[in-house]
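The values are calculated or read from the model by the stated rules, or taken from the named source; none is laboratory data. As the structure is a prediction and not an experimental result, all values here were calculated from the model. Counting neighbours? That spans all protein chains shown, and the Cβs are built from the backbone with ideal geometry, glycine included.
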Amino acid sequence: MYEYLPIIFFIVAFILILIGYPVAFTLGGVAVIVGVWIFDVDFFYLLSLRIFGTMQNFVLLGVPLFVFMGMMLEKSGIAEKLLETMALLFGRFKGGLALSVIVVGALLAASTGIVGATVVTMGLISLPTMLKRGYAPALAMGTIAASGTLGQIIPPSVVLVLLASVLNVSVGALFLAAIVPGFCLIGMYMIYVIIYAQLHPNQAPAMPQEEVTHFRNKRFSKEIIQSFLLPLLLIILVLGTIIGGIASPTEAAGIGAMGALILTAYKGKLNKKILGAVTKETLMLTSMVFMILIGATAFSLVFRGLEGDKLFLEMISKSNLGPNGFLILVMIMVFIAGFFIDFIEIIFIVVPIVAPIFSSMGVDLVWVGILLAINLQTSFLTPPFGFALFYLKGVAPPEIKTKQLYIGILPFVVIQIIFLGLLILFPQLLKIF
């Protein structure tokens, strides 16, 4: 019985989360009960040391700073203006609006890394326009939802920061490794839209020529500089300082947060109301992440105290899976878990268990981190609990049906799975730089 206690412990916590109990308190509560039962009151001493050590992690300071940066760009309207400008730039092509949504989704991903903010912003601005221009609802919804999740893989990404912390690898190394896969995924999205527009031109029409001409004749250069180049410079500044070794990820996050403030002030949008709203949202999101982190720390401590990691390693060695077989098993497990629980929960529950096993097998943890990030990206698009679907459905017109949304995101989920398979087969894609 005691031999399988770690598995029972894991299953009980997982079931309670599926039932709907708050994740942070479920992980922490179950861990405390089992910890006191097995290890007596000394468990609290161990737990306090572990939590204190986690909170001293300098890298995690980047989380609230990146969240602040993204929220400031979203609340100030800079993201909205960027989307409008790109739509008119791509407007003369069939499927041009959808292509602009993908490009802006990538740029917002690189500047915010916050899926909810990106999806809601693009849903409010571009969805009515796409529907009015005659776009098929399924294509419009699928493109917006998929583009909004690019923040999971394109650095600077909160997901990559958290994964680096849990896997105990360099954030800079993970950011650098994510650049090529991120661009490849964007390219595959765009190729799909272009092919779709050629096969179904009536469902992805070009914008009227007179609108595009009017835009190009009226303050064209100024709009491009203000709406596109300035946010792009901020992104390059943040990533460049990390990749160039000039600043740590946390210091670069501080640069990004200050840059977003300066951009907002330059646009004349910085005021007490926006600053208060951004600060409040940052506090709420950061508090949620760290509460789950504390609960997961307690869970991980008990699981390892019960020698659950050794039990899993023993089961894997007996099954003769090998590194590749275990990797595929973990990817399938994470993909299925993504249907039911949030990416933060997966990072803090599953990854600490499998990371030591990958390390003992000699598998490159940076490569594993990128695979997990792409896999976790699909969790935002897979029903029934795909958060990007919830966000987009919440701002979509009433006539848009859930079925249309599911049909629209299906090709993008397939693209992600295919790309994940290619990255498993060709890990050298991470080492181009």
Query raised in the report: Quick check: anything in segment 413-423 at pLDDT below 75 and in contact with a helix residue (DSSP H, G or I) (Cβ under 8 Å, 6 or more places away or on another chain)?
Result: no
Query raised in the report: Which residues, taken from segment 125-164, are in contact (Cβ under 8 Å) with a residue 60 or more places away in the chain and either surrounded by fewer than 22 Cβ atoms within 10 Å (Cβ to Cβ) or of a type in the set (Phe, Trp, Tyr) (or both)?
Result: Pro128, Leu131, Arg133, Gly134, Tyr135, Ala136, Pro137, Ala138
**Report entry** Check on Gly338, closer than 24 Å to Thr286 by Cα and out of contact with any Gly (no Cβ under 6 Å at 6 or more places or on another chain)
**Finding:** yes
Requested in this report: Only residues that are hydrophobic (A, V, I, L, M, F, W, C) and farther than 22 Å from Gly105 by Cβ: list them for segment 253-285, please.
Outcome: Ile255, Met258, Leu261, Ile262, Ala265, Leu270, Ile274, Leu275, Ala277, Leu283, Met284
Query raised in the report: Which residue, of Ser287, Ser319, is of a type in the set (S, T, N, Q) and modelled with pLDDT of 80 or more?
Result: Ser287
Query raised in the report: over 24 Å from Leu160 (Cα atoms), of a type outside the set (Asp, Glu) and either part of a helix (DSSP H, G or I) or modelled with pLDDT under 75 (or both), is that true of Val67?
Result: no
Report task. Collect the residues in segment 28-64 that are under 22 Å from the mean Cα position of the chain (by Cα) and modelled with pLDDT of 75 or more, keeping them in residue-number order. Result -> Leu61, Pro64
Report summary line: Flagged in segment 155-200 as outside any helix (DSSP H, G or I), in contact with a helix residue (DSSP H, G or I) (Cβ under 7 Å, 6 or more places away or on another chain) and not hydroxyl-bearing (Ser, Thr, Tyr), in numbering order, are Pro155, Pro156, Val169
**Report entry** Test for Ile294: is it modelled with pLDDT of 75 or more and part of a helix (DSSP H, G or I)
**Finding:** yes
Query raised in the report: Does Ile236 qualify as being aliphatic (A, V, I, L, M), closer than 29 Å to Leu60 by Cα, modelled with pLDDT under 75 and out of contact with any Lys or Arg (no Cβ under 9 Å at 6 or more places or on another chain)?
Result: no
